[in-house]
Amino acid sequence: MLLGLLAISFYFAAAGVIASRLFHHQGPNKKLSNFLAFAAIIAHILILSDSIFIEPGQNMSILNVASLIAWLIALTMIIASFSLPNLILLPVVFGFAGLIVFFGLVIPSTYLMHIEVRPALLLHITLALFAYGCLMIAFLYALQLSYINNRLKQKQASLLHTSLPPLMAVENILFKLLLAGTSLLTLSLLSGFAFLDDMFAKDQAHKTVLSILAWLVFGLVLVGHQKWGWRGKPLVSATVVGSVLLTLAYFGSRIVREVIIG
């Protein structure tokens, strides 16, 4: 509980430090926000190690999986912030991670698995987690791209005096993230079909179908950009659709089973 409260406090404090001076010409206090963010990330991983690795297996409940993904995204984004333009996204990332830690404290849930006896399952889950994390970061960059584009269309002069990055830089990063995430998703699907026997079982079929649909959408975005020069609103819309499909694939049925049905 203490670690959880510390993680929540540090995440929200980091988000607040950045958000409070996001549009100031000097920008936020990066040293303070980085310190708070890394403190939150350390507390968060300690919570995860304690809540996931239990006897006699691993507790891969929906909240633990969401918390693990939130931790991966927070860690990736804070490290990337040293070289990539993502400052406007950090308050959202840290705020979401803080909320997930909070829900994990107040809504205990258990979904016991034995990953250690199925190495193929471990490979599949690892690839799926990294694919989802990468594509969710791409989703955040798509939202940032849409926001900057709208600000530019409105010809707001204040845009020149903020921490917002150049439009083309964000678009370039977005396509790299989509390429990496789609590649990981491809490997995740291939590993599932190669090593698992229940990809189209009754309780897994929807996940497989939705994941394939998301893969097709992301693949279409990449092909469309390469062959037809897609960018702007069609790019953002397709990225959002693919992200929603993938989220439904990963969490849809588990929300029904673990949260609604209980």
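The values are calculated or read from the model by the stated rules, or taken from the named source; none is laboratory data. Only a predicted model underlies this, so the values are computations on that prediction, with no experimental measurement involved. Cβ: placed from backbone, ideal geometry, glycine included. Neighbour counts: every protein chain shown. Calculation scope for accessible area: heavy atoms of the full protein, side chains included, ligands and nucleic acids excluded. Shrake-Rupley method; radii C 1.70, N 1.55, O 1.52, S 1.80 Å.
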- Note on the structure: Expected single match for under 21 Å from the mean Cα position of the chain (by Cα) and either at pLDDT below 95 or surrounded by fewer than 16 Cβ atoms within 10 Å (Cβ to Cβ) (or both) among Val240, Val217 is Val240
- If you go through Val93, Val117, the only one that is crowded, with 21+ Cβ neighbours inside 10 Å and either over 15 Å from Ala39 (Cα atoms) or in contact (Cβ under 8 Å) with a residue 12 or more places away in the chain (or both) is Val93
- What single numbered condition from (1) over 30 Å from His114 (Cα atoms); (2) surrounded by 21 or more Cβ atoms within 10 Å (Cβ to Cβ) fails to hold for Phe38? (2)
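Scan Ala80, Ala43, Ala70 and give me the residue that is over 15 Å from the mean Cα position of the chain (by Cα) and either over 26 Å from Val170 (Cα atoms) or not polar (S, T, N, Q) (or both).
Working: Ala80 fails: over 15 Å from the mean Cα position of the chain (by Cα); Ala70 fails: over 15 Å from the mean Cα position of the chain (by Cα).
Of Ala80, Ala43, Ala70, the one residue that is over 15 Å from the mean Cα position of the chain (by Cα) and either over 26 Å from Val170 (Cα atoms) or not polar (S, T, N, Q) (or both) is Ala43.
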- Message: So, in segment 8-35, exactly how many residues are assigned to a loop (DSSP other than H, G, I, E, B) and surrounded by fewer than 17 Cβ atoms within 10 Å (Cβ to Cβ)?
- Response: 8
- Task: Please verify whether segment 52-65 includes one or more residues that are touching a residue at least 12 places away in the same chain (Cβ under 8 Å), within 27 Å of Gly181 (Cα to Cα), in contact with a Gly (Cβ under 6 Å, 6 or more places away or on another chain) and open to solvent by 20 Å² or more (accessible area, probe 1.4 Å).
- Result: yes
- Message: If Ala43 meets every condition in (1) part of a helix (DSSP H, G or I); (2) free of Cβ contacts under 8 Å to residues at least 60 places away in the same chain; (3) open to solvent by 60 Å² or more (accessible area, probe 1.4 Å) apart from one, which number is that one?
- Response: (3)
- Across (1) open to solvent by 30 Å² or more (accessible area, probe 1.4 Å); (2) within 17 Å of Gly98 (Cβ to Cβ); (3) within 20 Å of the chain's Cα centre (by Cα), Leu5 clears everything bar (3)
- Task: Could you list, in sequence order, all residues of segment 50-80 that are in a helix (DSSP H, G or I) and among the charged types (D, E, K, R)?
- Result: Asp50
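Do we find that Leu123 is surrounded by fewer than 19 Cβ atoms within 10 Å (Cβ to Cβ) and within 14 Å of Ser51 (Cα to Cα) in this structure?
Working: surrounded by fewer than 19 Cβ atoms within 10 Å (Cβ to Cβ): yes; within 14 Å of Ser51 (Cα to Cα): no.
When the stated conditions are applied, Leu123 does not pass them.
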- Residue hits (segment 162-208; under 18 Å from the mean Cα position of the chain (by Cα), closer than 22 Å to Arg118 by Cβ, of a type in the set (Gly, Ala, Ser) and open to solvent by 20 Å² or more (accessible area, probe 1.4 Å)) are none
